[in-house]
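What follows is a single structure, written as structure tokens, with notes after it.
The values are calculated or read from the model by the stated rules, or taken from the named source; none is laboratory data. Keep in mind it's a predicted model, so treat the numbers as computed, not measured. Here Cβ is always computed from backbone atoms with ideal geometry, including for glycine, and neighbour counts include all displayed protein chains. Each accessible area value is taken on the protein alone, full model and side chains, heavy atoms only, with ligands, DNA and RNA left out. Shrake-Rupley method; radii C 1.70, N 1.55, O 1.52, S 1.80 Å.
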Amino acid sequence: MTWIKTWEAVVEKSWLDELDHVNFLTYQRVADIASVEIWRRAQGDIEPGAHLQFVMTETHVRYLHELRLGASVEIFTALIAWDTKRFQLLHRLESAGNLACTVETLNLCFDPVIRRAAPFATGVSDYFASLGGPPEDALPILSISRRPTHGADPSFPSART
């Protein structure tokens, strides 16, 4: 697989905080737009009325280079892994050929009607399968696989999907 261009924009004044710095949450917000674009492409021509959505369950943001007001930004996305209900994305936020930030997300297919995790529609699975493996230079931090519970805080409830 190669990196997929999923979004582009120009840094606007509304992205800046009181120190004229792009706020940390803004990186996550624009990466979320790219995640929504991947989901839109994956759903493709799924039957009208399909109600499955996705929810982000975990994220990792790595700041590398400051974005400035008026700078162009492109997001390139890689599908790192997926199974029947979950998918992992890695977004590269670039400006003028420089990597400014990476945002990695773990996502879960969700049925808002029954308020539970749900398996992907066939079209979504087919789309993810068509992308192949992640690019060699995609170096994720998170993992889609379930982590062992050994040593976990027993008072913290485990997620069920």
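Looking only at the range 85-107, residues that are surrounded by fewer than 20 Cβ atoms within 10 Å (Cβ to Cβ) and within 13 Å of residue 39 (Cβ to Cβ) come to 1 in all. No other residue among 110, 120 is open to solvent by less than 50 Å² (accessible area, probe 1.4 Å), assigned to a strand (DSSP E or B) and in contact with a Lys or Arg (Cβ under 9 Å, 6 or more places away or on another chain) apart from 110. If I filter the range 73-82 for residues that are modelled with pLDDT of 95 or more, in contact with a strand residue (DSSP E or B) (Cβ under 9 Å, 6 or more places away or on another chain), acidic (Asp, Glu) and open to solvent by 40 Å² or more (accessible area, probe 1.4 Å), do I get at least one hit? Scanning the range 73-82, I find at least one residue that is modelled with pLDDT of 95 or more, in contact with a strand residue (DSSP E or B) (Cβ under 9 Å, 6 or more places away or on another chain), acidic (Asp, Glu) and open to solvent by 40 Å² or more (accessible area, probe 1.4 Å), so the answer is yes. Being open to solvent by 70 Å² or more (accessible area, probe 1.4 Å), of a type in the set (D, E, K, R) and either part of a strand (DSSP E or B) or touching a residue at least 60 places away in the same chain (Cβ under 8 Å) (or both) holds for only one residue in 68, 29, 62, and it is 62. Which members of the range 11-26 meet the condition of being open to solvent by 60 Å² or more (accessible area, probe 1.4 Å) and under 23 Å from residue 105 (Cα atoms)? Correct list: 24, 25.
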